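Enquirer: Supplied in structure tokens, the structure appears directly below.
The values are calculated or read from the model by the stated rules, or taken from the named source; none is laboratory data. In this text the structure is predicted, and so the values were computed from the model without any measurement. Because the Cβ atoms are built from the backbone with ideal geometry, glycine has one as well, and the counts that use them run over all protein chains shown.
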Ligand SMILES: [Zn+2]
């Protein structure tokens, strides 16, 4: 072969790649098909109130997986399943020695869940592949659509269970101890629905992982943004606080002679609320309050409550905790015994810059309104980011409602996040 022939071949290959790339950039997903697939899948586990009950590893979860798998097979995708039931449906690229770009979320729901939490991310990934398949386009890297097992944590604790094992947050030994309220084991339930695979969890590697998810909060809707570019997840601290005072009679003990732990509780929480209200993006929640004894005519001996503190920045979160400690010390000086036990914490997380940039470019190419957000809730992506470059795309949801039959998005909102996923995933898969 002469040099000029070699150059000609190289040029034509280059031109072909360029053409392919331009074509990919002009592709858009099929809104009607995505929406009808969401509605078709929502028949599985449908509740009379319009909600969905498709808890992890139930027969309904099995049926939901079967339908998803059949749709993937229609496109010639190859499905692999690991020992915790994580499903990986792969659409071949032009160079299958390269690590795939993954897209996905979870198919399980809360017992009284909605039609979009989780499944939107899985079916958006499927819609991306359907769009490429229709156009006869292959990306350089393969594309894998993932269903992570048991994200919700309602039937089996913890949440984000199988993505957690995949990301080394939990171990397989721990997974073998997980049981539901009836004592049925996680692995046993997995076998029951026929989704215990053979692939070791965490063995499969990805170039990047992108998760589309409904926001589950009211911010995008209130700001009029069609797409949320999720830059990370906030730092979180979950605590139980116990204040011990002195039990006495409600009628006979003068106000200035009491050691009332509920009074201390109100002073501490008032100071924390004041600090949180004055701190941008802070989240402060007292979700559970218990007194001992529970009697209307007795000043309690003890009050216990939870403190859920969150902020995108770890140092600001530390400052919120410091505010609590200062006021707790003031109460200790009055004679109260106060203990705080942190039973859970999550660090400030920043998603991968390259993935975030791919999402930003996709938003711009589509001309959508968007805003940056930090995830307030846990998601599979929040764990996957520990082992793989990751980012998330948020879709607005009506009034911020989720984990509820009233959970609602529009076909146009679903279309926008899926288009952003299409362009971002193909960009990463062709790089
Ligand atoms: Zn979810």
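Enquirer: Consider residue 426 carefully, then state whether it is farther than 29 Å from residue 18 by Cβ, outside the structural domain of residue 240 (by TED's automatic domain parsing) and surrounded by 23 or more Cβ atoms within 10 Å (Cβ to Cβ).
Expert: On the way: farther than 29 Å from residue 18 by Cβ: no; outside the structural domain of residue 240 (by TED's automatic domain parsing): yes; surrounded by 23 or more Cβ atoms within 10 Å (Cβ to Cβ): yes.
Criteria not met by residue 426.
Enquirer: Still on this structure, please answer the following. How about region 288-297: which of its residues are surrounded by fewer than 16 Cβ atoms within 10 Å (Cβ to Cβ) and either touching a strand residue (DSSP E or B) at 6+ places or on another chain (Cβ under 6 Å) or part of a strand (DSSP E or B) (or both)? First the steps, then the outcome.
Expert: Step one: filter region 288-297 for residues surrounded by fewer than 16 Cβ atoms within 10 Å (Cβ to Cβ), giving 288-290, 292-297.
Correct list: 288, 289, 290, 292.
Enquirer: Output the residues belonging to region 101-149 that are under 18 Å from residue 359 (Cα atoms), without any contact (Cβ under 8 Å) to a residue 60 or more places away in the chain and within 14 Å of the ligand (Cβ to nearest atom).
Expert: Across region 101-149, the qualifying residue is only 122.
Enquirer: Conditions first: (1) crowded, with 18+ Cβ neighbours inside 10 Å; (2) modelled with pLDDT under 95; (3) more than 16 Å from the ligand (Cβ to nearest atom). Residue 85 passes all but one, so which condition is the exception?
Expert: Condition not satisfied by residue 85: (2).
Enquirer: In addition: Here is a list: 364, 325, 342. Which entry is within 30 Å of residue 23 (Cα to Cα) and out of contact with any helix residue (DSSP H, G or I) (no Cβ under 7 Å at 6 or more places or on another chain)?
Expert: On the way: 325 fails: within 30 Å of residue 23 (Cα to Cα); 342 fails: within 30 Å of residue 23 (Cα to Cα).
The match here is 364.
Enquirer: Is it the case that region 136-144 has a residue that's in a helix (DSSP H, G or I) and buried (at least 24 other Cβ atoms within 10 Å of the Cβ)? Step through it out loud before you land on a result.
Expert: So in region 136-144, the residues in a helix (DSSP H, G or I) come out as none.
For region 136-144, residues in a helix (DSSP H, G or I) and buried (at least 24 other Cβ atoms within 10 Å of the Cβ): absent.
Enquirer: To continue, here is another question. With a cut-off of at least 1 residues that are at pLDDT 95 or above and within 16 Å of the ligand (Cβ to nearest atom), name the helices (runs of 4 or more DSSP H) lying wholly within region 307-425.
Expert: Values: elements: 314-333, 353-366, 380-384.
Helices (runs of 4 or more DSSP H) meeting the threshold: 380-384.
A quick yes/no check of all residues on (1) touching a helix residue (DSSP H, G or I) at 6+ places or on another chain (Cβ under 9 Å); (2) within 16 Å of the ligand (Cβ to nearest atom); (3) within 26 Å of residue 115 (Cα to Cα):
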{"site": "154", "(1), (2), (3)": "no, yes, yes"}
{"site": "173", "(1), (2), (3)": "no, no, no"}
{"site": "178", "(1), (2), (3)": "yes, no, no"}
{"site": "202", "(1), (2), (3)": "yes, no, no"}
{"site": "245", "(1), (2), (3)": "yes, no, no"}
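Enquirer: Only residues that are within 15 Å of the chain's Cα centre (by Cα), in contact (Cβ under 8 Å) with a residue 12 or more places away in the chain and surrounded by fewer than 24 Cβ atoms within 10 Å (Cβ to Cβ): list them for region 150-164, please. Before the answer, list the steps.
Expert: The first filter runs over region 150-164 and keeps only residues within 15 Å of the chain's Cα centre (by Cα), leaving 150-154, 158-164.
Narrowing further to those that are in contact (Cβ under 8 Å) with a residue 12 or more places away in the chain: 150-152, 154, 158-164.
Within region 150-164, 152, 154, 158, 159 qualify.
The rows are residues; the columns are (1) more than 23 Å from residue 216 (Cβ to Cβ); (2) out of contact with any helix residue (DSSP H, G or I) (no Cβ under 6 Å at 6 or more places or on another chain).
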site: 64; (1), (2): no, yes
site: 68; (1), (2): no, yes
site: 73; (1), (2): yes, yes
site: 81; (1), (2): yes, yes
site: 101; (1), (2): yes, no
site: 117; (1), (2): no, yes
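Enquirer: Please determine whether any residue of region 206-224 is part of a loop (DSSP other than H, G, I, E, B), within 16 Å of the ligand (Cβ to nearest atom), on the phi < 0 side of the Ramachandran plot and touching a helix residue (DSSP H, G or I) at 6+ places or on another chain (Cβ under 6 Å). Before the answer, list the steps.
Expert: The initial filter retains those residues of region 206-224 that are part of a loop (DSSP other than H, G, I, E, B), namely 206-207, 215-218, 224.
Right, trim to within 16 Å of the ligand (Cβ to nearest atom) and you get 215-217.
Subset that is on the phi < 0 side of the Ramachandran plot: 215, 217.
Next, from what is left, pick out any that are touching a helix residue (DSSP H, G or I) at 6+ places or on another chain (Cβ under 6 Å): 217.
Scanning region 206-224, I find at least one residue that is part of a loop (DSSP other than H, G, I, E, B), within 16 Å of the ligand (Cβ to nearest atom), on the phi < 0 side of the Ramachandran plot and touching a helix residue (DSSP H, G or I) at 6+ places or on another chain (Cβ under 6 Å), so the answer is yes.
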